[in-house]
Amino acid sequence: MRKLWALPAMVMLVACGGGGGSSNNVAQPVTSVSDWLIPVDRVVDGGPGRDGIPSIDNPLFVPLDQAEVRPEDLVIGIKAGDEVKAIPHDIMDWHEVLNDNLQTEPVVLSYCPLTGSALLWKATPSDPDVTFGVSGLLFNSNLILFDRETGSHWLQMRGQSVEGLRRGEMPETLPLVETRFDTWQEMYPNSLVLSRMTGFTRSYDNYPYNDFRSSPDLLFAVEPFDTRLFEKARVLGVQMNNVARAYEIQRSSIGIEVINDSIDGVPIVVVLSAGKNFGAIFERTLDDGTVLTFSPSSEPLPTVMTDDEGNTWDVFGEALTGLRTAERLPLTKSHTAYWYAWAAFHPGTEIHDG
């Protein structure tokens, strides 16, 4: 097991629950007798408490050419119909939860800097104006959210409420893409971008964890701990039933690589690019039973792949041209995360060897 960091107190209070107030970074376990779906002795209190890390509840989006984002910076891209938005990692590193609307429907975007994972959910509690926040609690280093309607706790990478009145509920997950800002610009030049005018004063130009992204060291212990890949390698992971597989993004092609694969008997397509720094996974079986085979597209972005029927598709799994225009590939239970975190949540993950 790699050593655990001890970081300055200022840094410890700003992301994924911070890390506690002691100089040796010993996180305090939660001792509540509440009925959790995860081992309560491994739920730790990071220090700042509920809303100690403020969520963004009234986001302001600006045109892409007004965004304060460097070309190489990572953004989280979301798309619903003609509504296209990019949310910079630089902002989410400091806030972790964004409450927003997509086509008037409330959604919650969460990003955990410690596990490198972003997920987009429909906001499921009964109050249509409900918002989510940062609880200050962690499990396997991963963000635990809470909803402000019931106070229930939601484990991000599990995609489920693990404690409270909503216990056991799993919100509907929506597609997102993490990629470089210049790649996103090329894909969606009319995109809006989350502004740094969040209502809070934060040093968005500065990453709050020093060299955490490149260091093998962790802030909190995880279980199990898998050393088959570098701890902070960004992997695109997918789970089908009880089978999980990971694809390392930086080991993919500099251009666009398309992998026709299957997992637990389900045909899937994986599209990756190390150079453009993105990945996505979809099922290959359409509603009419057709199983498509894909290859990289030579068309300009946002087209990333074509199929054996001649249709072209974008990174959100939507057909852009061909007889299947506007059809969508079925989503999979997949997302990007640091290897150590994905492997802790999915023990025994198979690693795609290329």
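Report the residue count in the range 25-39 for those that are surrounded by 16 or more Cβ atoms within 10 Å (Cβ to Cβ) and either of a type in the set (Phe, Trp, Tyr) or modelled with pLDDT of 95 or more (or both). Steps first, answer last, please.
The initial filter retains those residues of the range 25-39 that are surrounded by 16 or more Cβ atoms within 10 Å (Cβ to Cβ), namely 25, 27, 30, 36, 38.
Checking the rest, the ones that are also either of a type in the set (Phe, Trp, Tyr) or modelled with pLDDT of 95 or more (or both) come to 36, 38.
Total meeting the criteria: 2.
Tell me which residues, restricted to the range 37-68, are touching a Lys or Arg at 6+ places or on another chain (Cβ under 8 Å) and in a loop (DSSP other than H, G, I, E, B).
Selection gives Leu37, Ile38, Glu68.
Suppose the filter is closer than 25 Å to Leu165 by Cα, part of a strand (DSSP E or B) and not assigned by TED's automatic domain parsing to the domain that holds Leu320; does Val134 pass it?
Yes, satisfied.
Just to be sure before I move on: is Thr285 touching a Pro at 6+ places or on another chain (Cβ under 6 Å), farther than 29 Å from Lys232 by Cα and surrounded by fewer than 19 Cβ atoms within 10 Å (Cβ to Cβ) in the structure I sent?
On the way: touching a Pro at 6+ places or on another chain (Cβ under 6 Å): yes; farther than 29 Å from Lys232 by Cα: yes; surrounded by fewer than 19 Cβ atoms within 10 Å (Cβ to Cβ): yes.
For Thr285, the condition - touching a Pro at 6+ places or on another chain (Cβ under 6 Å), farther than 29 Å from Lys232 by Cα and surrounded by fewer than 19 Cβ atoms within 10 Å (Cβ to Cβ) - is met.
Could you pull out the residue among Asp45, Asp73 that is at pLDDT 55 or above and farther than 29 Å from Arg196 by Cβ? Quick ask: steps written out before the conclusion?
On the way: Asp73 fails: farther than 29 Å from Arg196 by Cβ.
Among Asp45, Asp73, only Asp45 is at pLDDT 55 or above and farther than 29 Å from Arg196 by Cβ.
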Exercise for the section: Inspect the range 63-86 for any residue being farther than 21 Å from His335 by Cα and crowded, with 23+ Cβ neighbours inside 10 Å and give the result as yes or no. Expected result: yes
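Can we say Leu192 is in contact with a Ser or Thr (Cβ under 8 Å, 6 or more places away or on another chain) and not basic (Lys, Arg)? I'd like the intermediate steps shown before the answer.
Working: in contact with a Ser or Thr (Cβ under 8 Å, 6 or more places away or on another chain): no; not basic (Lys, Arg): yes.
No: the conditions fail for Leu192.
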Problem - The lone exception for Val177 - which of (1) without any contact (Cβ under 8 Å) to a residue 40 or more places away in the chain; (2) within 30 Å of Gly275 (Cα to Cα) it fails - result: (1)
Completion exercise
Val291: passes all of (1) touching a residue at least 24 places away in the same chain (Cβ under 8 Å); (2) aliphatic (A, V, I, L, M); (3) crowded, with 18+ Cβ neighbours inside 10 Å but (3)
Fill in the blank from the handout: Selection over the range 46-59 where residues are out of contact with any helix residue (DSSP H, G or I) (no Cβ under 7 Å at 6 or more places or on another chain) and more than 22 Å from Leu119 (Cβ to Cβ) yields a count of 1
Practice task
Need at least 3 residues that are touching a residue at least 12 places away in the same chain (Cβ under 8 Å) and of a type in the set (Val, Ile, Thr) per element, so show me which strands (runs of 3 or more DSSP E) inside the range 69-128 make the cut, counting only ones lying wholly within it.
Solution key: 74-80
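The values are calculated or read from the model by the stated rules, or taken from the named source; none is laboratory data. Only a predicted model underlies this, so the values are computations on that prediction, with no experimental measurement involved. Glycine gets a Cβ as well: all are built from the backbone with ideal geometry, and neighbour counts include every protein chain shown.
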